Every structure is written in structure tokens, then in C-alpha cells.
1. Among all residue pairs at least 6 apart or on different chains, which show Cβ distances below 8 Å where the first residue, located in segment 1-30, is without any contact (Cβ under 8 Å) to a residue 12 or more places away in the chain and in a helix (DSSP H, G or I) and the second is small (Gly, Ala, Ser) and open to solvent by 50 Å² or more (accessible area, probe 1.4 Å)?
2. Select from segment 24-40 the residues that are open to solvent by less than 70 Å² (accessible area, probe 1.4 Å) and either within 15 Å of Val14 (Cβ to Cβ) or among the acidic types (Asp, Glu) (or both) and list them in ascending order.
3. Can you confirm whether segment 13-22 contains a residue that is modelled with pLDDT of 90 or more, among the small types (Gly, Ala, Ser) and open to solvent by less than 70 Å² (accessible area, probe 1.4 Å)?
Amino acid sequence: MSVNQIAIIAVRPVLGLLVDLTGGFIPAWALLCLLTINALAVTAKAELRSCHELLTK
């Protein structure tokens with residue numbers, strides 16, 4: 001399984017548990033926002049690295 005498939009399966013129960021424990025949706029949305037920002041940062045860093053490698057060859 002790829003990381004994406006594991007995340008798709010694992011995130012729903014984790015978010016549901018977070019909503020149950022905190023009594024609201026704000027922490028769950030905040031976690032989703034942080035995960036999205038992290039994914040964008042990792043993707044951008046990898047893209048910049050590959051562009052840099054192409055330019056230095």
C-alpha cells in the first residue's frame with residue numbers, strides 16, 4: 001500500500017475520534033489544514049530539487 005492509501009483509510013477514524021474527544025470540528029479542520037500545508041511544502045521542495053538538478057546538468 002502506498003502512503004496515500006494508508007492515509008485515506010486512517011484519517012477518517014482519527015478525525016472522528018478527534019471530533020468526539022474535543023466536542024467540535026475546529027481541531028479536526030486545523031489538523032486537515034496542517035496536513036495539507038505539509039503535503040504542499042514537501043511537494044514544492046521535491047519539485048524545486050528536481051528543477052535544480054535539471055539546471056545543474
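The values are calculated or read from the model by the stated rules, or taken from the named source; none is laboratory data. Here the structure is a predicted model, which is why all the values come from computation and not from measurement. Quick reminder, even Gly has a Cβ in these numbers, built from the backbone with ideal geometry, and neighbours come from all protein chains shown. Side chains included, ligands, DNA and RNA excluded: accessible areas come from the protein's heavy atoms. Shrake-Rupley method; radii C 1.70, N 1.55, O 1.52, S 1.80 Å.
1. Listed by first residue and then by second, the contacts come to nothing, as the list is empty.
2. Within segment 24-40, Pro27, Ala28, Ala30, Leu31, Leu32 qualify.
3. Within segment 13-22 (the criterion being modelled with pLDDT of 90 or more, among the small types (Gly, Ala, Ser) and open to solvent by less than 70 Å² (accessible area, probe 1.4 Å)), the answer is yes, since at least one residue qualifies.
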